[in-house]
Amino acid sequence: MNLNGIIRSIPGFPKPGIVFKDITPVLENPEAFRYSIDWFCDTFKDSGAVKVCAAEARGFMFAAAIGYKMGWGVVPIRKPGKLPWKTLSESYELEYGTAVLHIHEDAVKPGERVLVVDDLLGTGGTAEAMVKLVERLGGVVAAMGFLVELDFLHGREQLAKYRVESLVHVASEE
């Protein structure tokens, strides 16, 4: 299935000069969503992961479905003030600003293998922050998976020491 025709490009969002890749049409389309989840599960079934983590919000939808299908735990990584227990935090750079992510300090046990997923790999800042949080807890990043990768932003370079797989590649800003 070709998801390129399903993913929407929205120029000028969230600010001028950015072309936002809207994956909500993939989520709304049962065949496309099933295809995406099956791809993640087939691609990472031999990773040795026992948990899948994702940053809010769109990544949660993929992580929850992957965790359910694979029988893995799901670890939410959230914005400040959203997790009720003791947390670790990591700040990072976005294409259009800075942000902070939090993880429960008991969410990943030392030595646990974790699949890190998100809807999109851009500059790699969010993904790198998730990796740092998992590793600070003693977890091992088994692999990283993305629905969409914006190749022209070179985020993969920032994650070179990890296995990184993406279902859809976007070669240039459209």
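Sequence-distant contacts, meaning Cα pairs under 8 Å at least 6 residues apart, place the relative contact order of segment 51-128 at 37 percent. The alpha-carbon atoms of the chain define a convex hull whose volume equals 109 cubic angstrom per residue.
What FRET efficiency comes out for residue 31 versus residue 82 if R0 is 22 angstrom and r is the Cβ-Cβ distance? Round to the nearest 0.05. Computed FRET efficiency for residue 31 and residue 82 comes out at 0.10. Take the chain with all the other protein chains still there, run a 1.4 Å probe, and you get 48 Å² of accessible area per residue.
Of interest is the spacing of the C-alpha centroids, which for segment 73-123 and segment 27-54 amounts to 19 Å. Counting 0.36 nm for each residue step from residue 69 to residue 1 and taking away their Cα separation leaves a gain of 22.5 nm.
Sorting the segments 51-58, 87-94 by their mean number of nearby beta carbons within 10 angstrom, highest to lowest, gives 51-58, 87-94. Computed extension gain for residue 161 through residue 98, at 0.36 nm per residue and net of the alpha carbon distance, reaches 20.3 nm.
The values are calculated or read from the model by the stated rules, or taken from the named source; none is laboratory data. Just so it is clear, the model here is predicted, and its values are computed rather than measured. With ideal geometry, Cβ positions are generated from the backbone for all residues, glycine too; neighbour counts draw on all protein chains shown. Just the protein is used for accessible areas: all its heavy atoms, side chains included, with ligands, DNA and RNA removed. Shrake-Rupley method; radii C 1.70, N 1.55, O 1.52, S 1.80 Å.
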